[in-house]
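The values are calculated or read from the model by the stated rules, or taken from the named source; none is laboratory data. Keep in mind the model is a prediction, meaning the values are calculated, not measured. Ideal geometry is used to build each Cβ from the backbone, glycine not excepted, and the neighbour counts take in all protein chains shown. All accessible areas refer to the heavy atoms of the entire protein, side chains included, with ligands and DNA or RNA removed. Shrake-Rupley method; radii C 1.70, N 1.55, O 1.52, S 1.80 Å.
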Amino acid sequence: MRTLFISDIHLCSDRPDMTAALVHFLAKEAVGADALYVLGDLFEFWIGDDDPNPLHQEMADAFLALSQQNVPIYFIHGNRDFLLGQEFAKRAGITLLGDPCVIDLYGERVVLSHGDLLCTLDEGYQKFRRITQLKWLRWLFLRLPLARRQAIARKMRGQSQMENAYKSQRIMDVTPAAVDEMLRQHGCKVMIHGHTHRPAIHHFQLDGAPARRIVLGDWFEQGSVLVCRPGEQLLETRPLAAAR
């Protein structure tokens, strides 16, 4: 019995090593799992399900192969791939979830999130996030010519990298008050999220009871996987070279 969680792979054509590592993970390790949860930022950016990028079809095929072996796959949007839609989900055999959402993990209520909602000190980003959630704006963007969408995505990517270079680590991390609020709102004592790229298991007290916040790592230098079994949660790493 094991359930797997990953996030923040940030797949792109420039990093075939990360793609190979994830394909290897899906084909060799995730087989036989009770479920696989991908908590956002699977891709570096996503401009629409109609993007013909071969990487997208490669990953859809890899996820579908796992799904066809009776492993349920669930996906929560990240801040990089929030436009990933039902068309890709169907091709890949994955189920899209809301953010946040609550699951039963071997008898324990656990709230899942990508994690960017919890970074409330980053007011500029939170404003941007609220704008990108507007359905009419998404509808308009997805109807722009593909080349125009690609240009916008490149520009936004560059601006984000520039802005983050000047932000303090404190601003880009989650705030304890936001964590507590989300846990209380959903009646949970355990949270799993990604986004911050700071893998750790944090133990703390919430309303006089023990609580845990499990943060998933990214796949830039090594694979990062949370392996959960009844009564056990382990953050593990995987060398990217293992897939070569």
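Which of the lysines could a cross-linker bridge to LYS127, judged by Cα under 20 Å and excluding same-chain residues fewer than eight apart?
LYS135, LYS155, LYS167
For an R0 of 35 angstrom, estimate the FRET efficiency from the Cβ-Cβ distance between GLU123 and ASP207 and round to the nearest 0.05.
The computed FRET efficiency comes out at 0.80.
Which value, in Å³ per residue, describes the convex hull spanned by the Cα atoms of the stretch 175-244?
Here the figure is 96 Å³ per residue.
Leaving out ligands, DNA and RNA but keeping every protein chain, what accessible area does PHE128 have, in Å² rounded to the nearest 10, with a 1.4 Å probe?
Probe radius 1.4 Å; accessible area of PHE128 about 80 Å².
Please identify, among ASP81, ASP104, ASP51, the residue showing maximal mean-square fluctuation in a Gaussian network model of the chain using a 10 angstrom Cα cutoff.
Greatest mean-square fluctuation among the candidates belongs to ASP104.
Before I look further, what does the chain give for accessible area per residue, probe 1.4 Å, in whole square angstrom?
50 Å²
Expressed as a whole percentage, what fraction of the accessible surface of the chain belongs to carbon and sulfur atoms when a 1.4 Å probe is rolled over the protein heavy atoms?
54 percent
As a test of reading the structure, rank HIS202, HIS195 by solvent-accessible area (1.4 Å probe, protein chains only), most first.
My answer, sorted largest first, is HIS202, HIS195.
Select from ALA62, ALA209, ALA153 the residue whose mean-square fluctuation is largest in a Gaussian network model of the chain (Cα-Cα springs shorter than 10 Å).
With Cα springs under 10 Å in the chain, the top fluctuation among ALA62, ALA209, ALA153 is at ALA209.
With every protein chain in place, what's the accessible area of LEU235 (1.4 Å probe, Å², nearest 10)?
Around 60 Å² of this residue is reachable by solvent.
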